[in-house]
Amino acid sequence: MQKIFIVLFFLFIGAQINAQVIHIETKNTSLVFSVSKKGKVYQSHYGGHLKSIKGIEKIQSYISEIYPSFGNGSSDEVAVIVTHSDGTMATDLFYQSHEQKLSDGVQETVVHLKDKKLPFFVDLCFRAYQEENVIEQNVVISHQEKGEVRLDQFASSALAFKAESYYLTHFNGSWAREMHISEEKLSNGVKSIETRRGVRTTEYENPSFVMALNQAASEDNGEVIMGALAWMGNYKLSFQVDDQERCQFIGGINLFASAYTISAGEKFETPRMILTYNSSGKNQASINLHRWARKYNLQDGNAIRPIVLNSWEGAYFNFDAARLKEMMDGAAEMGVEIFVLDDGWFGNKYPRNSDKAGLGDWQVNRKKLPAGIDNLIDYTERKGMKFGIWVEPEMVNPKSELAENHPEWIIQRKNNREPILTRNQLLLDLANPKVQDFVFGIIDNLLSEHSRIAYIKWDANRHIQNFGSTFLDDDKQSHLWIDYSRGLESVFFRLQEKYPGIIFQACSSGGGRVDFSSMKYTHEFWASDDTDPYERLFIQWGTNHIYPPIATAAHVTKSPNHQTGRETSLKFRFDVAFGGRLGMELRPDDLEPEQVDYAKSAIKLYKEIRPVIQFGDLYRLQSPYDSDGFASINYVLPDKSEAILMVYSHEFHRRMERAVVKMKGLDEDALYKITELNKAAKRPHIVFDNQIISGSVLMNTGFKVNLKKPLESAVFKVEKVTGESSAN
Ligand code: DGJ
């Protein structure tokens, strides 16, 4: 009975739709909304590009409101829940107007909606990136009601899908195990991906997804929608499959304990939801996001990333100037370009010699570094490198001068409740503008006093937990989650405005801050504290589904690995770190002389091939999740003139020797020379090393790469040969 009612309801609405149609389009995709005679706005299509939209309003096969609201009849997941100033909880949004413009390859659309009865407004803003096939959406909510309005839900995006079945891929894990892939077929009900941790929000679950329609996600087949929320705070992405087998997606800030009141004239702006659709699998969807990020959502996305040596795993807290200089000597000898001094360089009354004290006191430790930072910078520069430094400016140890001087700046539960410590530290209240200025000032002082600092590693090692702000009014405590993230973003923004060109790394106990919001203000992220190359195969595989390799810091560390104890060859460690922004994180003196020689040539090689890795398109060939023990990827320059192929064996499998690789993304009409690089042994891993082979053969015939044991690897350069035709 209910089913019949819903069908009749949809038919009724469908019949009401008139010709007012809003077409948001990129080169290969269309998102279409139709306005009914009554002024309701419905999603008509999200999928492949429509050359003409004529008649779309007549063929409504399913209907979802553009921004479903609570209180107008629906019992499903909604995008907005409001308590209006007169106590009404019903919101019914109607079309007012819309405008569109296209400039510089971006089509901007704003759809203005208003509540039927009250002066409550919702503006839906879309930016459609023509070449990249990415659509970015956010929402601006405002009102002119008599008193304050309380928002209990405020999504960035609502989209409906209609298919026979839905397969949701999401990326989750834990500390040192970030971005592992889970895929599940959705059954009726609601599945949500969310966090309530406030800070370091991507450590366990990432605000991104792949939705595959009608079949499990495949790299090269089937319709997929890939999305990610650009937000550093709590998020929730929910997917509801209803009794009509429709899937309603609602994504945005997590409404958990986050009611937000706004006064008349105030604007509540939601974070951006980034979406891409592809009709032939998820690999191209990833490429869309990578290309878009490099062009629009990553600091200096078109600039080569330098090779870093970070002091953490080589020295931890245990160093002085002499030890650092010895590390700099080794780094320079191997060809490293930036030396980064990690945790432990600051604090005097409470020296930062472990994670127990000193956090918050950003003065150089006079005992460890009596000649100061400039002396280290001088030395680094004499060695031909640049200097970078670690900070964790949102945090404070109770044992610090900062905690003594400004206890009110700490996020805390009221009534003297015991603070909950994580890693012996607490969090500063970035909802407070004074704290924002303090945090900005830490970096501002460092960069203005030491103008040759070229790189800042920004760490954050705990969640919110002690929920409460001495700055926010008692009736606005629930604003903390959102105001913290906005405060943090405003500090990032100010720093980028003042210091363009300084490289920023977003780190948060490893991969706790891997999102498109922090990425907009940074150059790279630390994907994980786990530097074991075997583990990294999985972490980088998941991470690079959404986020680009150029921004994925990947470091070669010691064997046995500090996190897992696993032993691996230096070649394997380099070959895995080659997949992102290469760096090192060890004490160079711990390497044997022949290992130093090997590292030197590997670094030299990476410098030659990094344009392909950092600016090329990433094609996933063989997943480490599949059970044949192999993983392989190749990167291809956009003009298809050069590719780098990487093949790894990660565990023993009896079919190992029979595994074949088929490359992707090459020009099938061209000839390529394939050459093995970074060889550790004389014998190449393929029988046709240095030979000329057609792109078509490399992609379609499949060839054997001779990796016989687990944790072996091979890297190849595949270069177009000009002046010869592939026809024979
Ligand atoms: C956690 C980071 O992920 C590490 O790389 C390192 O910077 C430590 N913090 C330092 O405390």
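Some observations on this one:
- You can think of it this way: the chain between S627 and L421 has 70.0 nm of extra reach, that is 0.36 nm per residue less the Cα-Cα gap.
- Considering only L586, T568, I603, and ranking their Cα positions along the charge dipole of the stretch 535-610 that arises from unit charges at the beta-carbon of Lys, Arg, Asp and Glu, the one farthest toward the positive end is I603.
- For the pair the stretch 193-226 / the stretch 232-265, the C-alpha centres are spaced 15 Å from each other.
- Segment E164-K662, extension gain: residue separation times 0.36 nm, minus the distance between their alpha carbons: 176.2 nm
- Across K558/K600; K664/K717; K356/K498; K386/K457; K101/K236, pairs whose alpha-carbon gap is larger than 22 Å: K356/K498; K101/K236
- Relative contact order [Cα under 8 Å, 6+ residues apart], the stretch 410-538, whole percent: 27
- For the stretch 408-532, fraction of C-alpha pairs farther apart than 21 Å, in %: 44
- Projected label distance in nm at D76 and K116, using a 7 Å step from Cα toward the beta-carbon: 1.9
- Translational diffusion coefficient (Stokes-Einstein; Kirkwood radius from C-alpha pairs) of the stretch 354-482 at 20 °C, 1.002 mPa s, in µm²/s: 133
- For S509, S174, S632, order by how many other beta-carbon atoms lie within 10 Å, fewest first: S174, S509, S632
- For D617, nonlocal amide neighbours, meaning residues 5 or more places apart or on other chains whose placed amide H falls under 5 Å from its own, are V636, L637.
- Magnitude of the charge dipole for the stretch 322-397, about its Cα centre and with charges confined to Cβ atoms of Lys, Arg (+1) and Asp, Glu (-1), is about 380 debye.
- Sequence ranges 472-480, 251-259, 387-395, 226-234, ranked by mean other-Cβ count within 10 angstrom, highest first: 226-234, 387-395, 251-259, 472-480
- For the stretch 582-714, Kirkwood radius (reciprocal of mean inverse C-alpha pair distance, Å): 16.0
- A crude spin-label estimate for the pair E269 and R150, with each label 7 Å from Cα along the Cβ direction, gives 2.7 nm.
- Globularity index of the stretch 190-268, i.e. its alpha-carbon radius of gyration over 2.2 N^0.38 Å: 1.33
- The fraction of all Cα pairs in the stretch 235-326 landing in successive 10 Å bins from 0 to the largest distance is 11, 19, 24, 23, 17, 6, 1, given as whole percents.
- Cross-link reach is defined here as a Cα-Cα straight distance under 17 Å, omitting same-chain residues fewer than 8 places apart; for K117 the lysines meeting it are K38, K40, K146.
- Placing pseudo-labels 7 Å out from each Cα toward the beta carbon at D689 and D589 gives an inter-label distance of 3.6 nm.
- Charge dipole of the chain about the Cα centre (unit charges at C-beta), most positive-ward option of T722, I250, N678: T722
- For the pair the stretch 376-436 and the stretch 327-347, the centres of their Cα atoms are 22 angstrom apart.
- Listing M646, M89 from fewest to most neighbouring C-beta atoms within 10 Å gives M89, M646.
- Residues whose amide H lies under 5 Å from that of S509, counting only those 5 or more places away or on a different chain, are A460; hydrogens are built 1.01 Å from N in the peptide plane.
- Residue-wise HN-Hα couplings along the stretch 219-231, as the Karplus relation 6.51 cos²θ - 1.76 cosθ + 1.60 with θ = phi - 60° gives them from phi, are 5, 10, 9, x, 7, 9, 10, 10, x, 7, 8, 8, 7 Hz; Gly and Pro carry x.
- Qualifying lysines (Cα of each under 17 Å from Cα of K708; at least 8 residues distant if same chain): K571, K679, K682
- For the chain, convex hull volume per residue from C-alpha positions, Å³: 170
- Computed helical MRE - 222 nm, the chain, DSSP H runs ≥ 4 contributing -39500 (n - 2.57), nearest 500: -6500 deg cm²/dmol
- One decimal place: the segment K679-E381 gains 104.1 nm when fully extended, by the rule 0.36 nm per residue minus the C-alpha distance.
- Relative contact order computed over the stretch 518-631 (Cα-Cα under 8 Å; 6+ residues apart), in percent: 25
- Ellipsoid equivalent to the stretch 496-652 - semi-axes via the Cα gyration tensor, in Å: 23, 20, 17
- The chain, relative contact order in percent, only Cα pairs under 8 angstrom and at least six apart counted: 10
- In summary, the aspartates and glutamates within cross-link reach of K383, defined as a Cα separation below 15 angstrom excluding same-chain residues under 8 places away, comprise E326, D329, E333, E337, D374.
- Cα-centre dipole for the stretch 364-444 with unit charges at Cβ (Lys and Arg positive, Asp and Glu negative), debye to 20: 340
All of the numbers you see were taken from the coordinates with simple rules; none came from a lab. Not measured: the values here are computed from a predicted model. Neighbour counts run over all protein chains shown; Cβ positions are idealised from the backbone, glycine included.
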